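Trainee: Okay, handing you the structure first.
The values are calculated or read from the model by the stated rules, or taken from the named source; none is laboratory data. Please read these numbers as outputs of a predicted model, since none were measured by experiment. Quick reminder, even Gly has a Cβ in these numbers, built from the backbone with ideal geometry, and neighbours come from all protein chains shown.
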Amino acid sequence: MDAPGFIVERSACAKVILCGEHAVVYGRPAIALPLPELRAFARVQPSSDAFRIIAPDIGLSLYLAQRPRQAHDPLARVAWAALDLLGASPPRATLTIRSNIPIGANLGSGAAVSVAIVRALAAWFGHELSPAEVSALAYEGELLYHGSPSGIDNTVIAYEQPVWFVRGQPPEVFSAPADLPLVVADTGVVTPTYISVGAVRAGWERDRARYEALFDAIAALVSAARRAIESADLAQLGQLMNQNHAYLQQLDVSSPELDALCLTARAAGALGAKMSGGGRGGNMIALARDAAHAEQLAQALRDAGSVRVHLAFRKQAA
Ligand code: MEV
């Protein structure tokens, strides 16, 4: 198709897993929240050259001229899947990716880039895709980031709303009636999700009974967390976050840095603190009493060595 002569740009948010990570890979429920202020951007502009995806910040350049039998790059796979759904050939255009979501920090940077690419290509070809369609296309990329993704990252990012997620079922978006003043703090330890997901898989294969019991305990806690959110019981939610962190330690996906930041947050009065996402590094989350307390927690976490702290105050309404 000839370049239509205009530029389109679309974006996608980051995410945190509030509770239920890892167990969600094994069919248990989990709750994830969008982080709208952290975003990945995909901009498509006309070019005289063949279709190319570039990400200048990480030195990536991919030509998508001829369809490979199987695309091995997640971004190429997502782009081809999107073009198939749109019934389009690669445009004469360059798609440029920029992102302010840290990579390898368990904030969904890969899924966010995928969602931004899908949205930008759809807009370029004049289509509006539903969140479910966007999510399904982004999942193609997730399959290459780690072997058995539950699909929670692409889902919460495509819907950009709090989601109650069970693998293989349509997600439920839901409302949090009160603000959830969360502080998201990065250990600075970069760990791709496949490392921790693989470690849990190996543990589960060694001792299925123990792991299944832990997953069941996490599932019960996630249900209680949803009730706590819906009744705006932040103290109860905090307790459940602490409990979830303890179970994740038992799954051996936490790390000394994550544990230390959780202890710091609790000592500074957090209602609860836990690692979030894949673990073995990346980010933890702490629940503050209110926005002013969140600022204090953020300072305590910086002082304890967190390399990046993000405050997420907004009411997470569906
Ligand atoms: C990653 O954000 C959450 C994990 O449960 C992996 C997945 O669900 O695919 C660790």
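Trainee: Name the residues in the range 180-201 that are away from the ligand (no atom under 15 Å from the Cβ) and either among the aromatic types (Phe, Trp, Tyr) or closer than 30 Å to residue 232 by Cα (or both), would you?
Mentor: Matches in the range 180-201: 180, 181, 182, 183, 185, 187.
Trainee: OK, next. Could you give me the residue pairs with C-beta distances under 6 Å whose first residue belongs to the range 91-105 and is touching a residue at least 40 places away in the same chain (Cβ under 8 Å), whose second residue is acidic (Asp, Glu) and crowded, with 16+ Cβ neighbours inside 10 Å wherever it lies, and which are 6+ apart or on separate chains?
Mentor: Final answer for the pair search is 105/186.
Trainee: Enumerate the strands (runs of 3 or more DSSP E) found wholly within the range 265-318, keeping only those where 3 or more residues are surrounded by fewer than 21 Cβ atoms within 10 Å (Cβ to Cβ) and not assigned by TED's automatic domain parsing to the domain that holds residue 39.
Mentor: 308-312
Trainee: Follow-up. Of everything in the range 1-57, what is away from the ligand (no atom under 16 Å from the Cβ), touching a Gly at 6+ places or on another chain (Cβ under 9 Å) and assigned to a loop (DSSP other than H, G, I, E, B)? Give them in sequence order.
Mentor: 4
Trainee: OK, next. Answer yes or no as to whether residue 105 is surrounded by 24 or more Cβ atoms within 10 Å (Cβ to Cβ), of a type outside the set (Val, Ile, Thr), assigned by TED's automatic domain parsing to the domain that holds residue 55 and more than 16 Å from the ligand (Cβ to nearest atom).
Mentor: no
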